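Remarks on the structure that follows.
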Amino acid sequence: MEILHFSPSSSISTIIHRPRRKIMALRDSIKTQMNLITTESVSSFRFCPCGRRHFIGAAMTSMPFLPISPSHASTSTEDLKRLRPPKPDWYEEFFAWSMNSEVESYEKEVSDYKMKLFDNLVGKAEKVLEIGIGTGPNFKYYTDIPNVSVIGIDPNAKMESYARKSATEAGLKPEEFTFVHALGESIPLEDASVDAVVGTLVLCSVTDVTQTLKEIKRILRPGGIYIFIEHVAAEDGTFLRLVQTVLDPLQQVVADGCHLTRHTGESILEARFNGGADVKKTSLSRLAYISSHVYGVAYN
Ligand SMILES: C[S@@+](CC[C@H](N)C(=O)[O-])C[C@H]1O[C@@H](n2cnc3c(N)ncnc32)[C@H](O)[C@@H]1O
């Protein structure tokens, strides 16, 4: 971070002794520096200067004291509308509440898988992006990662309060977690700016799986790690697959766009991560029609 040494008070005392044009130049420079300092202090991630300023605006919702105009959030709103038509507030609230209430038994069942997946990040990742962070069931796994800072993106703004509560309960400091109202298909971060991406039960819900995987590759630094666990379509020709096919349209309505018949493991392999991907299949016994899962690690 280049501008750590900026001090408003020392700059103001210097201004008093300068002619007007220099004062204006200095004022602009101070403004720029304050914005940069502000965005850097939201987290230590590198922000994208290419018109993805909505990230900054979105971060403002959690840090309202920062001197950045909320109008920077407009791009995000456009992207959100284009890629994911707005849903009524009550629906988003209900879905967030139900995810929060129902998550416990699922989390018990997948905890061994998640522990192993997150082990891959210990000592190798500090800046982590979680896509579709939801209510934040993964925070307990982040606490073993030294110096971790997490950005969680989710298009459902109602997830934020639940995610914040989970982060606090897991022992993360407020500055170690930033919630951003954004989509996996349009991640408001610079290229190669994070060490790891985490995705759990999210590629079932994004509108465009291929585009989301492209974005994950783009923002991961070379050698960066993507860990995932996702529910997927059961084997072709099985009774379970038939049930999934029948229930799929209803599931999309009641579970905020969640698909039951995606071949997510294949999609991850087809995304061709530079360092390859290790995709494993498993069947979780207690999960009825979402029992088929893939989990694993991909290397950028
Ligand atoms: C089934 S929930 C899983 C939440 C959390 N990852 C977990 O493991 O409990 C799916 C999440 O993906 C989010 N989501 C839906 N569409 C998305 C998109 N296009 N990009 C990112 N997240 C999305 C939803 O708002 C929701 O929080």
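The values are calculated or read from the model by the stated rules, or taken from the named source; none is laboratory data. Predicted, not measured: the structure shown is a model, and the values here were computed from it. Backbone-built Cβ (ideal geometry, glycine too); neighbour counts: all protein chains shown.
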Kindly indicate whether residue 202 is modelled with pLDDT under 95 and within 21 Å of residue 291 (Cβ to Cβ).
-> no
Determine whether region 282-289 contains at least one residue that is basic (Lys, Arg), modelled with pLDDT of 95 or more and out of contact with any Lys or Arg (no Cβ under 6 Å at 6 or more places or on another chain).
-> no
So is residue 144 crowded, with 19+ Cβ neighbours inside 10 Å and under 18 Å from residue 228 (Cα atoms) or not?
-> no
Before we move on, is residue 167 crowded, with 21+ Cβ neighbours inside 10 Å and in a helix (DSSP H, G or I)?
-> yes
In region 79-93, how many residues are without any contact (Cβ under 8 Å) to a residue 24 or more places away in the chain, more than 12 Å from the ligand (Cβ to nearest atom) and either at positive phi or part of a helix (DSSP H, G or I) (or both)?
-> 2
In region 125-147, which residues are under 10 Å from the mean Cα position of the chain (by Cα) and within 8 Å of the ligand (Cβ to nearest atom)?
-> 130, 131, 132, 133, 134
Would region 289-300 turn up any residue that is within 12 Å of the ligand (Cβ to nearest atom), over 29 Å from residue 177 (Cα atoms) and β-branched (Val, Ile, Thr)?
-> yes
Of all residues in region 283-300, which are more than 23 Å from the chain's Cα centre (by Cα), farther than 14 Å from residue 201 by Cβ and assigned to a strand (DSSP E or B)?
-> 283
When restricted to 150, 110, 122, the only residue in contact (Cβ under 8 Å) with a residue 12 or more places away in the chain, within 14 Å of the ligand (Cβ to nearest atom) and in contact with an Asp or Glu (Cβ under 9 Å, 6 or more places away or on another chain) is 150
Could you tell me whether residue 149 is over 21 Å from residue 225 (Cβ atoms) and at pLDDT 95 or above?
-> no
Output the residues belonging to region 125-161 that are among the aromatic types (Phe, Trp, Tyr) and touching a Phe, Trp or Tyr at 6+ places or on another chain (Cβ under 7 Å).
-> 141
